[in-house]
Structure formats: structure tokens, C-alpha cells
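Everything on this sheet refers to the single structure shown next.
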Amino acid sequence: MLSSKSINKAARMAERKRLRNRLVRGSTRTQISKVRRRITSRELELAKQEMVAVTSSIDKAISKGVIHKNKGARLKSRLMKKLNKEQLAES
């Protein structure tokens, strides 16, 4: 057991935050990979719909402090770039 009440409380809080961060990060990664799969399989309409959800998910992760704002911007930018490139190729 840890030596003081405040250290115990800090450890409990850190564990709760770790679990929350893991959940948010994991679900965001899953959504990103779904969009990437849709883009590569040329299901662009579904990819557009899921892109809205991914953008929201990334923004929530940024606001909760799970990921840095620049990383979030980079992820969204790269996904949109891929999606737009495929849309142009299809046209």
C-alpha cells in the first residue's frame, strides 16, 4: 500500500484516467481504420458518412486531453486528403 492518503487518491485517479484514455484512443483508432478501409475499397459514400463521425471522435479526444490538438489536426487532414484524392480519381 502507498504511504499517504493523497498518494493513494492520486494513484486511483491516474488509473481512472488511464482507462478512459485507453477507451477513447482505442475507439478513435478503430473508427479511423474503418474510414481507411472504406476509402481503399472505394466505398466513398460510406467513407464520407463515417468521416463525420471520425472527425467528431477526434475532436472529443482532443477536448478530453487524450491526444494533442496538432495530432488530431494531422489525422483529420490526412484522412480528408486520402478521401478527396480518391473522389477525384473516381470522377
Which of (1) 43; (2) 53; (3) 56 gives percent of Cα pairs over 18 Å apart as computed here? It is (2)
Listed here are the pairs LYS17/LYS82; LYS17/LYS69; LYS34/LYS60; LYS17/LYS60; LYS9/LYS71; LYS17/LYS48; which of them are more than 26 Å apart at the Cα? LYS17/LYS82; LYS9/LYS71; LYS17/LYS48
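Each reported figure results from applying straightforward, stated rules to the coordinates on display, with no laboratory input. All of these numbers come straight from a predicted model, not from anything done at the bench.
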